[in-house]
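What follows draws every value from the coordinates through simple rules; no lab data is involved. Source: prediction; values computed, not measured. As a convention, Cβ positions derive from the backbone with ideal geometry for all residues, glycine included, and neighbour counts pool all protein chains shown.
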Amino acid sequence: MPTITEGTDSVHITVPRRVVQPGVIKLLVEADKRYQLTQRERITFALVAQTESLSAAELAEELELADAKALRPWLGRLLDWGLIEQTGRTSATRYFVPPPLLREAGLDALTTLKRVQPHRLRALILEDLGRFPNSGRADIHRRIGPEIHEKALARALDALLREGAIVSTGERRWRKYRLASDKGHQP
């Protein structure tokens, strides 16, 4: 939202700049030259490009939309052209700029776990519980990567519990997890 300040004989309106990385601006200019983006597509592309990825709900919130269902006109042709890609479905949908485009713009400096694939997340959890049995979800999250979305971690833990790969003791925030094959440790 713009900030409005009133002086004695003037009114100043400040619209904060949301795109702060020079590489994002370069990427946006190149995409706009090639595809003649609409204003909505420019805004959406820049928002997604300056983050590792955004969920549908996060993108809708950034765009100040009522819900993720209103994203279609904002995403426009970006998905069709491959400027933005998506993973997941419905509420688990995440949008991101393809890595080759980020690399070309010099935005590939850091690798994070924000978009970790589910099978890799499961492997991280199993490795962590092998080293640190009887751990709470917050401790697991802190050790394997706080940038991983909490809901993704919760879904992975629930799936591992259903499959019998891990077991848990306790309820809610006192719940502790350990490997199902870890017979030597008591709950």
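Summary of values
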| item | result |
| --- | --- |
| Residue 35 versus residue 169: modelled label distance in nm, points set 7 Å from Cα along the beta carbon direction | 5.3 nm |
| Net charge dipole size for the chain [Lys, Arg +1 and Asp, Glu -1 on Cβ; Debye, nearest 20] | 780 debye |
| Distance between modelled label sites at residue 162 and residue 64, nm, 7 Å Cα→Cβ extension | 3.9 nm |
| Degrees between helix 39-49 axis and first principal axis of the chain (Cα, 0 to 90, nearest 10) | 40 degrees |
| Helix-derived mean residue ellipticity, 222 nm - over the chain, DSSP H n ≥ 4, -39500 (n - 2.57), to 500 | -12500 deg cm²/dmol |
| Top positive-direction residue, dipole computed over the chain with Cβ charges, set 70, 123, 44 | 123 |
| Order by protection proxy (mean Cβ within 10 Å, highest first), peptides 125-133, 6-14, 162-170, 54-62 | 54-62, 125-133, 162-170, 6-14 |
| Fraction of beta bridges assigned by DSSP in the chain that are antiparallel (%, nearest 5) | 100 percent |
| Dipole in debye (nearest 20) - the stretch 53-102, about Cα centre, beta carbon charges: Lys, Arg +1; Asp, Glu -1 | 220 debye |
| Residue 119-residue 142 FRET efficiency (beta carbon distance; Förster radius 35 Å; 0.05 resolution) | 0.95 |
| Furthest towards positive pole of dipole, 102, 10, 135, structure part the chain, Cβ charges | 135 |
| Answer label for Kirkwood radius over Cα pairs in Å (calculated), chosen among [x] 17.3; [y] 19.2; [z] 17.8 | [y] |
| Positive-end extreme of charge dipole, the stretch 51-187 - chosen from 180, 152, 88 (charges on Cβ) | 180 |
| Selected from 152, 123, 46 as most flexible by GNM, with the chain as the system and alpha-carbon contacts under 10 Å | 123 |
| Candidates 77, 120, 94, ranked by Gaussian network fluctuation over the chain, Cα under 10 Å, top entry | 120 |
| Folded to 0 to 90 degrees: helix 150-163 orientation relative to the chain principal axis, Cα | 30 degrees |
